[in-house]
Structure formats: structure tokens, C-alpha cells
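Working notes, beginning with the structure itself.
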Amino acid sequence: MTDSNWDSETVDTVRKYAMQNTVEYDGAGQSGSVLGRLLGERADLRPRAKDLKSLVEKEVEAANQMAKENGVDAVRASLAETNPEALERQKQQKRVGLKPLPNAIEGKVILRFAPNPNGPLTIGHSRGVAINSEYAKMYSGKVVLRYDDTDTRVKPPLPEAYGWIEDEYEWLAGRPADIVIRASERMPIYLEHAKKMLKSGFGYICRCSALKFKNLRDKSQSCPCRKRTEEDNLSDWQAMNDGSIEEGGAVVRVKTDLELPNPALRDWPALRIQHSPHPMVGDSYKVWPLLDFQSAIEDHLQGVTHIVRGKDLMDSTRKQTLLYNHFGWVYPEPLYWGRVKVHEFGGFSTSGMRADIADGKFEGWNDSRLPTISALKRRGFDPQAIRDFWLDLGLTQKDISISMQTIESFNSSVIDAVCERRSFVRNPRTLSFNMIGSEMPEKLQIARHPHGEIEGFRVWEISEKFVIEDTDYSEQLRLKDFADISINHNDAIVDSLERSDKRPIVHWIPINQSRKARLTSPSGSGFRIDEGLIENIDLVEGAIVQLERVGFARIEKIPENGPVDLLYLHG
């Protein structure tokens, strides 16, 4: 995408941040940081983050080049003419905050995060963790982690998922949940409330077929079961619970106004029969609550004051409010958000991923191609970046689509300052210094971080042989942080240690400072493997490094023999 595809305001804003970044980092501006600042100011551009990348890189390169040719003061002077206010910025202060909760009382706020434990958490779940835990922090409140695990057939729980989710919640929120509840362990409570509903006359057992009931409901007509006596309802209730009635043979309904405009709210179902054993509590129960009933009862019992949920669940709020009215309870304050779609993953579901893993399409829940929290953590995403993304987006009800590059830009702004640089040369081509002047140093000190965020140096011993990427081969090059060279076949002549012209800058490694490495990158439904050599200095398993001119990567494994395994994070 060219500049002509962008309006002048966007181009000017990108240019402002590019020059600002170059001034702050003494002529070495970083496109990832600039992209993060831009998206922080222009929320409307987030869906186009991927397209913006080339424009940002172009403007950063131009600002850095101006600094190299004319000095950083020239960039500062240019910025003073166009955007003088940008010079006053010392260090980016990330705006983190949510709009106030309605009717919130300090120390009394209770929220809940209620996943189905049919698998680990995903990117979508992380929104609930970030928003709820932040509100709890704002009001010195609490978060209830509740496992909504009362579906034994369509989305049966995965026993291992309970532990995974607790760990992932703590990783994302920075602290454990205040209260942890498994709905399946509280079944007697839900069944008791259902029985009370039947005895109080605002619930009844319906034996109609689903089609028959729908036809009557849509006409605002009651089904014959609605007029049954308390004794008949309790008799069928006993039969449902002892297994005498087969699945689909009866449901418990909540009585509501049959003239309600929304048919979905009319005598909605609260409990149904499921004979499938539950992975955690076995076949102890034959009747299980539907989510709207179970969630409503538990929210009341836990004293939940505010519910944050998707706008597609507004009908759940309406149903539960009707139930609360029957019981004489006060419903929590509801807040809503819209749907967020991540382009790279399209539509995904935990159940679908679970099936694909079982079929061998993915290596496991932490397969780097999946949108799970375990996969993002394995790749090297920082939990603060994920929180920052969701808090910056806030509670908008607008449906939006984003690229992973938007989340990656937040991650870059968090990890850039704490990631050491390393050189990784893909498809290496070996060259030799054949003319070494007296000024050729024996050792080379290279900063662990280009802006001094990490103190110290990597010390290279200069050897006769070194490698560059095969695609970088040219007659004249500058070896990054070292020297200008001219190449004749595979012989390199050092022209100057100082930069003497505008020849391309390439990364490189002395042979004696390298070892074999393999970089694995998710690519569509598969992987791309890049083999090469990595700078063999202070490599640590689990560490995240920025590979020169490649991007961020996590060091997965450093075997005694064989190549170092690297997992690509992002550019």
C-alpha cells in the first residue's frame, strides 16, 4: 500500500511519531514502537494495522536516515516546525483505564469470570480476565472464577482444564482469582432452588415437545403443562431426578409473561435432563441446569455486583432479571462489549480446537498456530501487553476486526526494552577477510541493547571467516556495528571501520562465535523452518531475544548437540 492510499492526516501523524521516536532514541527509531504509539492515538486505524506497517517502516527509515546524514538536531528542528508539542514528550505514558462502573462502592465490588472448562483459555477469554481483574483492582473488589461446567453432552469439561485455567488466569491478571467455584460441585444448591421455584408456582415442568412448545410460545399461548398442580410438578420433578424420564422428555420452565415482545423470554427453560456422566462428578445427577439459570443463582449467592458480558447475551440479562424478580432479588449491574474478531484466526471454538488436536492437526493446546493463551505464552507474549490491549480497547459495544499485528504492537512496546539482541543468519554464506589492516580489532563490543536499556556488551572475537545471509550477498556491504567491506567472490576486504557511504547494512557473525540454529514460524496451517547460525553468546532457554533484522523469538531449547530451537514471536 502506497502513501497515496492514506489520507494526509494519517501520513502526517505517522511522520510525527517517526521523527519523535528517532529523536528520543538518538537516530535509531524503531517501527514497532512507532506503530504502538500511532494505534494508541488513532483507534480507528487499529483494524488496518497490518497495512500501516509499510508506511510506518518507510517514515522511520526516512527519519533515521535524516539523523545519519544531518544529525539528530536536524530531525528535532524539523519536528519543532511541524509538531512542537511532540518534543515535550519524554517517555511514553501508556494510558490504562476503564470507564467507571455504575453504582460501584469502594471495597464492595464483586465481579465474575465464568469460562467453560472444556479446554484452556483463548485470546477471547483473556478479555474477560483483563477487564474483570482491572475493575476489581480499581475498586478494591474481588473476582469470582466460576467454572460453568454443567453441560455434560455438548461441551463436556476437560478435567485438566480446571488447573490450566487457574494458572492462566493468574498469569494474565497478575494475581490469583479471589474465589474459585465449580458449578458441578454445587448441584444440590441449584436443584434446591429449582424445587423452590416449583413449590412457589413460578416454575413448572413441561412435557411438550420442543416444536409444540415453540409453536404455542410464538403465538403467546400457554402450553397445557403450565396449569399443572404443584403436586404434579413435584411428582415429575422426582421422576426427572431418578432417571425415570428420558432425555428430552421434560424440562423445567420459568413462568414469565407470555405477551413479552421477545419470544425467547416467554417461559424460558431453566433445567433439562442429561444422562451423560459428568467427567468430575460422574452420574450423580440426571437433571442439570441450563446456563441462564445456574449463572443467575450463583451470581446472587456470590453477591456479584457487576456482570461484564458480550452484547449477544443481552437476552440472558433479561431472562435472569425475570428470575430475580420471582425470587425477590436485585439484579447486578450489567455492562456489555461487542465482538472482536482476529483476522489470522477467523472463527474458532474451543470445541473445534479440541477435536482438531484429537485428530492430530495440531500438536497440542500450546501449538503456536492456535489462539490459546498457552500458545501465546509459549511464543513469548507478555501478559501485560495482552492486558494493555484489552484495557485500551475498553468496553465498546462496536463489533471490530483486528489483526494480530495490533496485539503484537502492544507486545513490542512492553518487551523491546528488556530483550537483548542476537544475530541469526539464515541460509548462511561463508566469507573470509583476506586483507586485514593494522587497525583491524581482535575483538568487537556490541551493545546488548541498542538504546542502552540493558547494560553491557556482547564481546565477539573476530575470526578470519564469517557468515552473512546468502540473499544479502553484494559487492559492497557494511557489516553491522563493524566495517564497510568490498567482496570479490568469497573474499572480503575491509574498506573502512567507519561508515563511509550508503552501502546496505547487513547482520553477520564470526564463524567462531556461532552455532547451528533453527527458527520455527507459524505459517498458515503449517510451519516455516529457517535454518542457519546464531550468535552463541549467553543463550538461555526460555529467554526472548530480538534477532537482528528478523524479529523477536523465544529460545525453546538448547541441546548439547544439534541446533538451537527458536520459536518466532513477531517482527
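The values are calculated or read from the model by the stated rules, or taken from the named source; none is laboratory data. Quantities reported herein were computed from a predicted structural model and do not represent experimental measurements. Here the Cβ is made from the backbone with ideal geometry for all residues, glycine too, and neighbour counts use every protein chain on show.
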Fill in: Test result for Asp388, within 29 Å of Ser514 (Cβ to Cβ), in contact with a helix residue (DSSP H, G or I) (Cβ under 8 Å, 6 or more places away or on another chain) and either assigned to a helix (DSSP H, G or I) or not basic (Lys, Arg) (or both)
no
Response to the item:
For Ser351, the lone unmet condition from (1) surrounded by 16 or more Cβ atoms within 10 Å (Cβ to Cβ); (2) closer than 30 Å to Thr321 by Cβ is (1)
Practice prompt. Taking Ala28 as the residue in question, decide whether it is surrounded by fewer than 23 Cβ atoms within 10 Å (Cβ to Cβ) and in contact with a Pro (Cβ under 7 Å, 6 or more places away or on another chain).
Written response: yes
Practice prompt. Please find, among Val34, Val56, the residue that is outside the structural domain of Arg549 (by TED's automatic domain parsing) and modelled with pLDDT of 85 or more.
Written response: Val56
Fill in: Output for the range 151-185, where each listed residue is outside any loop (DSSP other than H, G, I, E, B) and small (Gly, Ala, Ser)
Ala161, Gly163, Ala173, Ala183, Ser184
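Of all residues in the range 1-25, count the ones that are among the small types (Gly, Ala, Ser) and surrounded by fewer than 18 Cβ atoms within 10 Å (Cβ to Cβ).
2
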Item to complete: Name the helices (runs of 4 or more DSSP H) wholly inside the range 3-95 in which the number of residues that are touching a helix residue (DSSP H, G or I) at 6+ places or on another chain (Cβ under 7 Å) and more than 30 Å from His343 (Cα to Cα) is 2 or more.
Response: 8-24, 49-70, 72-82
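Here is a yes/no grid of residues against (1) exposed (fewer than 15 other Cβ atoms within 10 Å of the Cβ); (2) under 43 Å from the mean Cα position of the chain (by Cα); (3) not basic (Lys, Arg):
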| position | (1), (2), (3) |
| --- | --- |
| Ile179 | yes, yes, yes |
| Glu185 | yes, yes, yes |
| Leu191 | no, yes, yes |
| Lys212 | yes, no, no |
| Cys223 | no, no, yes |
Worksheet item: Just wondering, is there one or more residues in the range 417-437 that are touching a helix residue (DSSP H, G or I) at 6+ places or on another chain (Cβ under 7 Å) and part of a helix (DSSP H, G or I)?
Response: no
Worksheet item: Within the range 248-264, can one find any residue that is crowded, with 17+ Cβ neighbours inside 10 Å, part of a helix (DSSP H, G or I), out of contact with any Pro (no Cβ under 6 Å at 6 or more places or on another chain) and at pLDDT 95 or above?
Response: no
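I need a count of the residues in the range 309-321 that are surrounded by 21 or more Cβ atoms within 10 Å (Cβ to Cβ) and closer than 22 Å to Arg127 by Cβ.
Kept after step one, since they are surrounded by 21 or more Cβ atoms within 10 Å (Cβ to Cβ), are these residues of the range 309-321: 319-320.
Applying the additional criterion that residues be closer than 22 Å to Arg127 by Cβ yields 320.
Summing the residues that are surrounded by 21 or more Cβ atoms within 10 Å (Cβ to Cβ) and closer than 22 Å to Arg127 by Cβ in the range 309-321 gives 1.
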Worksheet item: With respect to Ser374, is the statement that it is in contact with a Gly (Cβ under 7 Å, 6 or more places away or on another chain), outside the structural domain of Val129 (by TED's automatic domain parsing), part of a helix (DSSP H, G or I) and small (Gly, Ala, Ser) true?
Response: no
